[in-house]
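The values are calculated or read from the model by the stated rules, or taken from the named source; none is laboratory data. Keep in mind that this is a model prediction, so the values were computed, not measured. Cβ: placed from backbone, ideal geometry, glycine included. Neighbour counts: every protein chain shown.
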Amino acid sequence: MILQADVKNIGKKGEIVEVADGYGRNFLLPRKLALAASSSNVNVAKAQAGAKARKDAMAVDEAKLMAAQLEKVEVEIPVHIGENGRLFGAVTGKDVAEALKKMHIDVDRRKISINGEVTGEGLYEAVVKVHPNIATTIKIHVRKE
């Protein structure tokens, strides 16, 4: 069978797997989770796997390029600071993402994590995951508003 979707405990989309005849005929085929592994279907699956591999390689290359560009970026975040030098609220990935957006760099806030705790004015670092295997560090300047 050639899987058309991820099936738990069986395999991922596009994989060619061996399953029991009844499972394939009564479960996978009616739900369109798999195709029968005929020679033409196998050739199509191999072509799709090759295209996916090229697409993944391009995504990795783009992520490396973006990571190299982000390393040079420094973000300035103005915050409210009380008389005793403590922050009102916290500086989060959302704040960093908004500051990057002002610089015309679009990064999802969930992919940004700040190293350590931001306790006041100063220079901090944040890790940005641009790809599941590729991360880069940017500098954050926290200053009094």
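Taking the stated definitions as given, is residue 122 at positive phi, without any contact (Cβ under 8 Å) to a residue 24 or more places away in the chain and either in the same structural domain as residue 138 (by the TED database) or not hydroxyl-bearing (Ser, Thr, Tyr) (or both)? Write out each step before concluding.
Details: at positive phi: yes; without any contact (Cβ under 8 Å) to a residue 24 or more places away in the chain: yes; either in the same structural domain as residue 138 (by the TED database) or not hydroxyl-bearing (Ser, Thr, Tyr) (or both): yes.
In short, yes.
So which strands (runs of 3 or more DSSP E) are wholly in segment 82-145 and hold at least 1 residues that are surrounded by fewer than 19 Cβ atoms within 10 Å (Cβ to Cβ) and among the acidic types (Asp, Glu)?
Working: elements: 112-114, 122-131, 134-144.
It comes to 122-131.
Sort through 61, 21 and tell me the only one that's over 22 Å from the mean Cα position of the chain (by Cα) and of a type in the set (Asp, Glu).
21
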Selection from segment 51-106 of residues that are at pLDDT 85 or above and among the basic types (Lys, Arg) = 52, 54, 55, 64, 72, 94, 101, 102
Is there a residue being part of a loop (DSSP other than H, G, I, E, B) and either in the same structural domain as residue 131 (by the TED database) or at positive phi (or both) anywhere in segment 28-46?
-> yes
Members of segment 11-27 found to be among the small types (Gly, Ala, Ser) and either part of a loop (DSSP other than H, G, I, E, B) or surrounded by 12 or more Cβ atoms within 10 Å (Cβ to Cβ) (or both), listed by number = 11, 14, 20, 24
